[in-house]
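The values are calculated or read from the model by the stated rules, or taken from the named source; none is laboratory data. All values reported here derive from a predicted model rather than from experimental measurement. A quick note on method: Cβ atoms are made from the backbone with ideal geometry, for glycine too, and the neighbour counts reach across all protein chains shown. Each accessible area value is taken on the protein alone, full model and side chains, heavy atoms only, with ligands, DNA and RNA left out. Shrake-Rupley method; radii C 1.70, N 1.55, O 1.52, S 1.80 Å.
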Amino acid sequence: MTVAVECAGLVKRYGRTTALAGVDLEVPANTVWGLLGPNGAGKTSVVRILATLLRADAGVARVGGFDVARDGERVRGLIGLTGQFAAVDEALTGYENLLLVGRLLELAGRTARARADELLTRFGLTEAAGRLVRTYSGGMRRRLDVAASLVAAPSVLFLDEPTTGLDPRSRGEVWGLVRALVREGTTVLLTTQYLEEADQLAQGIVVLDEGRVVRTGTPAELKAAVGGQTLHVRPTDLGRLAEAERIVAAVVGGVGRPDEPGDGGEISSALLPGRSAGAVLAEVAARLAAAGIEVAELGVRLASLDEVFLALTGAAA
């Protein structure tokens, strides 16, 4: 396995506040790796150190095999960075923004123009290329921002909460771009507050809390470690919620846990070890049907990343 990004014993202090207290991290090449944690957990500090914008007080960080402290220039030649807020010039057009970045990177004029055209096409911005960025939607600005970070064709891309403030459609557009980048060979380190985003995109997740790594694994591994499978039932008629709860309790062998009134009427019950999820699901479905209780939702799932986040950090997602 080729490691694209790695940290060992990373420490960063701001006065008396310790932002990072010995962070270890390995990101395999050509993957998306998620960095999760509550506000103040140290996510942005890790990204800034890896991007050579901040110097660690202790520990080692490497990108593409190069030490970020000793070989900063080599590292900067390998990376792209998209921050929490779109860093594009609203007084310029989309094309002019990308051309400006190309010239700042000392690309020849013809090369910079060709790269701008290529990225505008790739990110679906060709028709808006001549418009001022102030007329762009939030999703279009974010796409342009990501495009700007790719002008130098980086092999490693740092995305620091790239979909903050975007609507669901724009967020989905950014997700599609990230998946396409990885298919083309880019390694992505993603920090996010949206747990669904990490679940959708990341092959691996590192959970930070108070500057320390509290758990590392795939989304499925984290869910399995925090809790087993849970049965979920949502009756169509909320007036029969109590009756459905008794059926679930009788089959599962425990007490169903209904939502509070107004929470949607879902019954959740953890499956006991050794019980077949398929058999439990089939029996519950059969008993609900025999009782004439229609359901809007019936299924078995692992703990959600929201539940993982809460269990590992003690913070609400």
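Overview of results
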| item | result |
| --- | --- |
| Mean accessible surface per residue for the chain, computed with a 1.4 Å probe while every protein chain stays in place, in Å² | 48 |
| Among 296, 147, 58: highest mean-square fluctuation, GNM of the chain, C-alpha pairs under 10 Å | 296 |
| Rg/Rh for the stretch 52-192, where both radii come from Cα atoms and Rh is the Kirkwood radius | 0.97 |
| Ellipsoid semi-axes in whole angstrom, largest first, where each is sqrt(5λ) of the Cα gyration tensor of the chain | 44, 25, 16 |
| The chain: calculated mean residue ellipticity at 222 nm from DSSP helix runs of at least 4, using -39500 (n - 2.57) | -11000 deg cm²/dmol |
| Kyte-Doolittle mean at least 1.0 and Cα axial length at least 15 Å: DSSP H helices in the chain | 241-252, 277-290 |
| Rg/Rh (Cα only; Kirkwood hydrodynamic radius) as it applies to the stretch 34-86 | 0.97 |
| Environment charge at residue 236 (Cβ cut-off 13 Å; Lys +1, Arg +1, Asp -1, Glu -1) | -3 |
| Cleavage-rule hits (chymotrypsin sites (Phe, Trp or Tyr not before Pro)) in the stretch 47-140: DSSP loop, at most 15 neighbouring Cβ within 10 angstrom | 85 |
| Distance between the stretch 205-249 and the stretch 49-113 - C-alpha centres, whole angstrom | 39 |
| Cα-based shape type of the stretch 8-129, given that a ≥ b ≥ c are square roots of the gyration tensor eigenvalues and the cut on a/c is 1.5 | prolate |
| Accessible area in the full protein assembly, largest first, 1.4 Å probe, for 221, 6 | 221, 6 |
